[in-house]
1. Working only within segment 130-160, note down all residues that are outside any loop (DSSP other than H, G, I, E, B), of a type in the set (A, V, I, L, M, F, W, C) and either within 14 Å of the chain's Cα centre (by Cα) or modelled with pLDDT under 90 (or both).
2. Among the listed residues VAL264, VAL230, identify the single one that is in contact (Cβ under 8 Å) with a residue 12 or more places away in the chain, within 12 Å of VAL150 (Cβ to Cβ) and among the aliphatic types (A, V, I, L, M).
3. VAL265 versus (1) in a helix (DSSP H, G or I); (2) of a type in the set (A, V, I, L, M); (3) open to solvent by 40 Å² or more (accessible area, probe 1.4 Å): which is the lone unmet condition?
4. With respect to VAL244, is the statement that it is surrounded by fewer than 24 Cβ atoms within 10 Å (Cβ to Cβ) and under 17 Å from SER160 (Cα atoms) true?
5. With more than 27 Å from ALA22 (Cα to Cα) and touching a helix residue (DSSP H, G or I) at 6+ places or on another chain (Cβ under 7 Å) as the only criterion, which of ASN240, ASN222, ASN252 stands out?
6. Which one of these is assigned to a helix (DSSP H, G or I), at pLDDT below 70 and open to solvent by less than 50 Å² (accessible area, probe 1.4 Å): ALA101, ALA126?
7. Based on what the data block shows, is ASN222 assigned to a loop (DSSP other than H, G, I, E, B) and either modelled with pLDDT under 95 or surrounded by 24 or more Cβ atoms within 10 Å (Cβ to Cβ) (or both)?
Amino acid sequence: MPGSWRARFSRSDVLTERPDFALVGILRVPQIQNSPGRAIARRIGYALTALALVVLVVYLDRDGYADSQEDGLSLLDCIYYATVSLSTTGYGDITPITEQARLVNTLIITPLRIFFLIVLVGTTLAALTENSRQSFKIQRWRRRARNHVVVVGYGTKGRSAVAAMLGDGLVPSDIVVVDTDAVALDIAAGQGLVTVQGSATKSDVLRLAGVEHASSIIVATNRDDTAVLVTLTAREIAPNAKIVAAVRESENVHVLRQSGADSVVVSSETAGRLLGAATTTPTVVEMIEDLLTPESGLAIAERTVERDEIGGSPRYLPDIVLGVVRDGRLLRAGTAEVDVVEAGDKLLYIRRVMDRADHSA
């Protein structure tokens, strides 16, 4: 049986076809971290609860027990018997003598004794069962993962993209990071993100990240040719997902778009333009940085047109409107096409973001 399993595993080394326990270490699902003090207090509470339950059972059936002096059991005797019984010390000075008491010992006290021992060695068992817990979490996550965001590459660009999404209120567990760098994935896991270790140029790695059920895919690799291959693979798997890719050179933009990217950001030229603008108009760069930072100050946002705004001009709306998204096309404000807002339009506008100081005030 083990030999046949190994043969089947070697013939098809596809990640999505592996059992969940074989994905431990490749796919990591975040878990809630509790303080050691709280974990110890919880285990002590479990132990005391088990002890109290045994004391109650023995006390209610105290007539079925006898001590070495053949006296009846007091409450203190019941506590003593429960303690030495659960700790498996078992001095033998108090024993069940009736069939009912022995049946209760077999069906109730013995399972509680096992539970008590499990609690006492909980730290060791937790380490031994970590793989099993991870396997269960992986199975549950793969079954429930829907409409999440997949970020390919967790370098400077990937981290900045994740920071922006978290600043906009996206839940960390709804972000999946794919990278080959274990150190980068450790950082992502520390932020509560789901991580997948492997090359995103392989379709089974992307499928393991749930790309076919993702709402958006961010390609933030370090090489343009890698970005093209990842985009091609992702588009084949997820034809309806929104793919945003970053490239270093503008000459590769059309290749990314032909590969299936909905939006392409030229990182090197964008940074170069900002550097050039900073030499003559540094306040403009400061304003752009403010708009791109979601935590405080100003931010660019998108919203659906409200019913009472239909038929009006974007210039007279309370928000500063930069553009209108109509039928999937971006129309810049101030043009004749967007002189009137229509039903179904989406507005790109500047919104005020309250920072921590505003909240505390």
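The values are calculated or read from the model by the stated rules, or taken from the named source; none is laboratory data. In this text the structure is predicted, and so the values were computed from the model without any measurement. Neighbour counts run over all protein chains shown; Cβ positions are idealised from the backbone, glycine included. With ligands, DNA and RNA removed, areas are computed over all heavy atoms of the protein, side chains included. Shrake-Rupley method; radii C 1.70, N 1.55, O 1.52, S 1.80 Å.
1. As a first pass, look at segment 130-160 and keep what is outside any loop (DSSP other than H, G, I, E, B): 130-144, 149-152, 156-160.
Checking which are of a type in the set (A, V, I, L, M, F, W, C) leaves us with 136, 138, 141, 149-152.
Within segment 130-160, PHE136, ILE138, TRP141, VAL149, VAL150, VAL151 meet the criteria.
2. Testing whether each residue is in contact (Cβ under 8 Å) with a residue 12 or more places away in the chain, within 12 Å of VAL150 (Cβ to Cβ) and among the aliphatic types (A, V, I, L, M) leaves just VAL230.
3. Looking at each condition in turn, VAL265 falls short on (1).
4. Details: surrounded by fewer than 24 Cβ atoms within 10 Å (Cβ to Cβ): yes; under 17 Å from SER160 (Cα atoms): yes.
Considered against the rule, which asks whether it is surrounded by fewer than 24 Cβ atoms within 10 Å (Cβ to Cβ) and under 17 Å from SER160 (Cα atoms), VAL244 comes out as yes.
5. ASN252
6. After ruling out the rest, the residue left standing is ALA126.
7. Values: assigned to a loop (DSSP other than H, G, I, E, B): yes; either modelled with pLDDT under 95 or surrounded by 24 or more Cβ atoms within 10 Å (Cβ to Cβ) (or both): yes.
In short, yes.
Rundown of residues vs (1) of a type in the set (D, E, K, R); (2) in a helix (DSSP H, G or I); (3) at pLDDT 80 or above; (4) open to solvent by 80 Å² or more (accessible area, probe 1.4 Å), yes/no style:
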| site | (1), (2), (3), (4) |
| --- | --- |
| GLU286 | yes, yes, no, yes |
| ALA299 | no, no, no, no |
| LEU330 | no, no, yes, yes |
| LEU348 | no, no, yes, no |
